[in-house]
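The values are calculated or read from the model by the stated rules, or taken from the named source; none is laboratory data. Note that the coordinates shown come from a computational prediction; the quantities given were computed from them, not determined experimentally. Note that we place each Cβ from the backbone using ideal geometry, even for glycine, and neighbour counts take in every protein chain shown.
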Amino acid sequence: MGGFKKMTADEYWSSTFTSQEKLLFQRVCRTLLRKTFIVRDKDDDNRRMYFFASKYSDFLTKYFSYMGFDVSVSKDAGVVMLQNYTGTGEIAKISVNKYLFKKTETIVLCCLWSLYSDKIKSGSLAKQITVTLADINIELDKYDFNGNIDKGRWIEILGLFAKFNLIAPKGEIGSNDFCIVLFPSLQFALDEKEFADFVNNTEAKFKNRNLHDDYENAEIESPETDFDSFDIEFDESQGDEN
């Protein structure tokens with residue numbers, strides 16, 4: 001991993017990084033704290049940050065470990081990500097913040113995760129994996145989701161996932177050319193156990209029932225304001241940047 005040397009942060013900063021690398025280091029750190037993921041193939045800016053983070057991954061891991069994070073690089077996926085610290089000692093006991101998704105957001109995220117996984121398993125060689133809202137709605141039907149997601153709510157949900165570098169909406173919702181680019185970071189937003197638990201719970205709750213009545217009852221028991229926690233770390237104090 002990376003090129004970290006056994007130096008203090010000050011020594012590393014003064015003797016290793018160029019002035020441009022210092023700026024890039026700051027941008028990488030702020031992006032990881034704000035978005036959790038850096039995706040190599042998203043755009044040129046992310047590509048620069050990805051290769052810098054890959055080169056100095058050990059140094060970044062050491063730096064973020066004091067905050068309770070690990071920095072992980074998946075070269076196959078082209079993704080750099082923040083994760084909970086996996087070392088030993090007191091720092092490993094820190095409970096890192098996780099983003100709390102609302103119920104509908106959770107279900108849509110699972111559908112996007114499933115669509116991405118299916119595309120990869122089918123051997124798709126496309127540089128960018130894209131889906132449409134129709135694809136997502138078909139996936140929602142598989143889980144017997146009978147909620148009404150209007151255009152405004154779709155904008156909110158997709159905007160939230162784009163904030164974390166999980167997807168990139170392209171075009172305007174409702175237009176013929178609208179699509180959603182799925183980033184490989186999706187596969188790290190949920191682990192397989194969380195996804196399997198979601199599928200099992202959903203099937204047990206909805207399958208072989210009257211879908212309309214059951215969904216209304218589910219909304220009463222577990223309204224949209226309920227939250228589900230997934231392993232996406234974030235810094236609430238920072239606003240989103242382009």
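I'd like to check something: does region 57-75 contain any residue that is modelled with pLDDT of 90 or more, of a type in the set (A, V, I, L, M) and under 30 Å from residue 132 (Cβ atoms)? No, region 57-75 has no match at all.
Yes or no, residue by residue, for (1) touching a residue at least 40 places away in the same chain (Cβ under 8 Å); (2) exposed (fewer than 14 other Cβ atoms within 10 Å of the Cβ); (3) in a helix (DSSP H, G or I):
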| position | (1), (2), (3) |
| --- | --- |
| 108 | yes, no, yes |
| 123 | no, yes, no |
| 130 | yes, no, no |
| 135 | no, no, yes |
| 140 | no, no, yes |
| 148 | no, yes, no |
| 152 | no, yes, yes |
| 157 | yes, no, yes |
| 168 | yes, no, no |
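Entry remark, region 62-83: residues being under 19 Å from the mean Cα position of the chain (by Cα) and surrounded by 15 or more Cβ atoms within 10 Å (Cβ to Cβ) number 15 in total.
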